[in-house]
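Notes follow the structure.
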Amino acid sequence: MIVRDFNKIIEEERDRVVSDAEWSSVRMLLAGDGMGFSFHITFLNAGSEHVFEYKNHSESVYCMQGKGSITDLATGETHEIRPGVMYALNEHDRHVLRAEEELAMACVFNPPVTGKEVHRADGSYAAAEELAD
């Protein structure tokens, strides 16, 4: 059984917290935990806009707090993001995520991230085999 405390991670396990100027992500589960997926709590700053395209991963996201929108760049369709809304990038969808208010999101990635990933210029993460030491 794996039990982790979000507050202890942000206080004591800073290697599980990834961030830049506009967002931060607390990696509660990573590939090394052997669950077959990773689980993150991610915060996006109010007023921020992000272009992502997870070419090597599928992602599902559940909004816990805040208000924003997501636009599918292939179709131009925009959906409201608010508490209780979930979206899944089932076709590695290139998208724009906008945070009108600070967003707090629960995110699941498959395959799981290792913790070494950073967003590349195209908004994707490298495949795990590209990160091998």
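The values are calculated or read from the model by the stated rules, or taken from the named source; none is laboratory data. As the structure is a computational prediction, the values presented were derived from the model and not from experiment. Here the Cβ positions follow ideal geometry from the backbone for every residue, glycine too, while neighbour counts run over all protein chains shown.
Some points to look at:
- Long-range neighbours under 8 Å by Cβ, at least six apart or interchain, first residue farther than 22 Å from Glu49 by Cβ within region 17-34, second among the charged types (D, E, K, R) and not in a strand (DSSP E or B): Arg27/Arg16; Met28/Arg4; Met28/Arg16; Leu29/Arg4; Leu30/Arg16
- Residue count for region 1-16, restricted to those that are among the hydrophobic types (A, V, I, L, M, F, W, C), assigned to a loop (DSSP other than H, G, I, E, B) and in contact (Cβ under 8 Å) with a residue 12 or more places away in the chain: 1.
- Within the option set Val108, Val113, Val118, being under 23 Å from Val3 (Cβ atoms), modelled with pLDDT under 95 and out of contact with any Pro (no Cβ under 9 Å at 6 or more places or on another chain) holds for one residue only, Val113.
- Options Tyr87, Tyr62: the member that is within 23 Å of Val113 (Cα to Cα), modelled with pLDDT of 95 or more and surrounded by fewer than 18 Cβ atoms within 10 Å (Cβ to Cβ): Tyr62
- Extreme residue, nearest to Gly66 (Cα to Cα), among residues of region 13-44 that are among the aromatic types (Phe, Trp, Tyr) and modelled with pLDDT of 95 or more: Phe43
- Of the criteria (1) crowded, with 19+ Cβ neighbours inside 10 Å; (2) in contact (Cβ under 8 Å) with a residue 40 or more places away in the chain; (3) more than 11 Å from the chain's Cα centre (by Cα); (4) over 22 Å from Phe6 (Cα atoms), which one His57 fails: (3)
- Residue count, region 93-110 (criterion: within 13 Å of the chain's Cα centre (by Cα) and over 19 Å from Phe43 (Cα atoms)): 1
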